[in-house]
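I have placed the structure first, in the form of structure tokens, so that the comments after it can refer back to it.
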Amino acid sequence: MLFPGAARIATVIELGAVGSTFDAVDERADHLTTWATLDQRAGRGRLGREWVSPAGKCLAATVLVRTKGLSEEAVGWLPLAAGLALADALDPLVADRARIKWPNDVLVEGRKVAGILCERRTTGVAVGFGVNLTLTRAELPTDAATSLTLEGADATATVLADCVLAHVVRSLGDLLPALGSEPLRAAVASQLATIGRDVRVTLPAGELRGRAVGLGPHGELQVESEGEIVDVRAGDVVHVR
């Protein structure tokens, strides 16, 4: 069993080599059922981006979060709640340096170590995430990426994967009642590396440049641009160096 810790919290279906963990999701499964692997061959991220990783060195997982009884506003907070859960899981492994990049990445010192993608399903939301566990510098997909091993985590890929997965699954269950609340907004805002940074945001109507100054009540990124505060509810954000 690859994920004994996570399996004590929820049903975990261990996958071998798989295209994407999203493709394995059974919408009839119980709340917090999780599909996980260390060998994902065709992962996907936001905007159709690929998540490619060497076998045995990255965690890929999807958690089915049943959302019956939750408002649309609450459900809309799931990507940021998942980011908070994932950052909290990674923090002790990287000397408290894990931070969220709005809306769906986790960074360590500005380098991407994990990513999140949420997909709506008929019974809820499939919360997918990938974590670079033991990649060497030569194996990183880009110069802007990193791995837990490179950031000082001293354990095997299987130990790291189970530790992270157990924490995330437990946290997702704990955070559901708080979706859309001010305490959750404040907790996410406190972990956002994006706030205080100059950003470039790609929007359907064009490009926005400015400084990220806050997180709004609905999870929107607040960007100050040309003396005005613009609420960004969806967009591709780049931290400008």
Q) Can you find even one residue in the stretch 150-159 that is small (Gly, Ala, Ser), in a loop (DSSP other than H, G, I, E, B), crowded, with 18+ Cβ neighbours inside 10 Å and more than 14 Å from the chain's Cα centre (by Cα)? A) yes
Q | Criterion: surrounded by 24 or more Cβ atoms within 10 Å (Cβ to Cβ), touching a helix residue (DSSP H, G or I) at 6+ places or on another chain (Cβ under 7 Å) and of a type in the set (Ser, Thr, Tyr) - qualifying residue of Thr62, Thr134 | A | Thr62
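Residues are listed down the side, and each one gets a yes or a no for (1) at pLDDT below 95; (2) over 19 Å from the mean Cα position of the chain (by Cα); (3) closer than 15 Å to Pro79 by Cα:
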{"residue": "Ala178", "(1), (2), (3)": "no, no, yes"}
{"residue": "Leu184", "(1), (2), (3)": "no, no, yes"}
{"residue": "Val188", "(1), (2), (3)": "no, no, yes"}
{"residue": "Ala193", "(1), (2), (3)": "no, no, no"}
{"residue": "Arg197", "(1), (2), (3)": "no, yes, no"}
{"residue": "Pro204", "(1), (2), (3)": "yes, yes, no"}
{"residue": "Glu207", "(1), (2), (3)": "yes, yes, no"}
{"residue": "Gly214", "(1), (2), (3)": "no, yes, no"}
Q | Filter result for the condition that a residue is modelled with pLDDT of 95 or more, on the phi > 0 side of the Ramachandran plot and among the aliphatic types (A, V, I, L, M), over Ala95, Ala81, Ala24, Ala36 | A | Ala95
Q. Is it fair to say Ile116 is free of Cβ contacts under 8 Å to residues at least 40 places away in the same chain and either more than 16 Å from Ser147 (Cβ to Cβ) or among the β-branched types (Val, Ile, Thr) (or both)?
A. yes
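The values are calculated or read from the model by the stated rules, or taken from the named source; none is laboratory data. Because the structure is a prediction, the values reported are computed rather than measured. Cβ sites come from the backbone with ideal geometry, for glycine too, and all protein chains shown count toward neighbours.
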